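The values are calculated or read from the model by the stated rules, or taken from the named source; none is laboratory data. These numbers come from a predicted model, not from an experiment. We place every Cβ from the backbone using ideal geometry, glycine too, and count neighbours over all the protein chains shown.
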Amino acid sequence: MTVVYILLTNNPGSEVEIIRTIKGINRNDQSVKYEIQGVNGVYDIVVRAECNSMNDMKDILKEIRKIDKITSTTTMLVNEEQEGKTMI
């Protein structure tokens, strides 16, 4: 399983529209899972995406980067060898 975090900045006030658009990407493909949150700080939206392959992930990133009101993206690929899910 490939997991990435995508940090987005966007035009002010466009968060809801962007979140709706991202939720619509590949919704017929059950192998893709998203968590999307609007946040305050340097970034405006954080997306956590899981896919079965790196090729699927590249396709999703291409679709997200096409969204007009997104001004920048930063993508972080989870290192599966160091993944930890326990809250400390």
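Going through (1) in contact (Cβ under 8 Å) with a residue 12 or more places away in the chain; (2) farther than 24 Å from Met54 by Cβ; (3) over 14 Å from the mean Cα position of the chain (by Cα) one by one, Glu15 falls short only on (3).
Restrict the check to the stretch 22-38 and report whether at least one residue is within 15 Å of Thr73 (Cα to Cα) and modelled with pLDDT under 95.
Taking the stretch 22-38 as the starting set, the residues that turn out to be within 15 Å of Thr73 (Cα to Cα) are 22, 36-38.
With the extra rule that they be modelled with pLDDT under 95, the set shrinks to 22.
Yes, there is a match, as at least one residue in the stretch 22-38 is within 15 Å of Thr73 (Cα to Cα) and modelled with pLDDT under 95.
Looking across the stretch 1-50, just one residue is in a strand (DSSP E or B), of a type in the set (Asp, Glu) and closer than 17 Å to Lys62 by Cα, and that is Glu50.
Taken over the stretch 1-21, the criterion of being among the aliphatic types (A, V, I, L, M), modelled with pLDDT of 95 or more and in contact with a helix residue (DSSP H, G or I) (Cβ under 8 Å, 6 or more places away or on another chain) is satisfied by Ile6, Leu8. Annotation: of all residues in the stretch 18-51 being loosely packed, with under 14 Cβ neighbours inside 10 Å and among the hydrophobic types (A, V, I, L, M, F, W, C), the one that is farthest from the chain's Cα centre (by Cα) is Val42.
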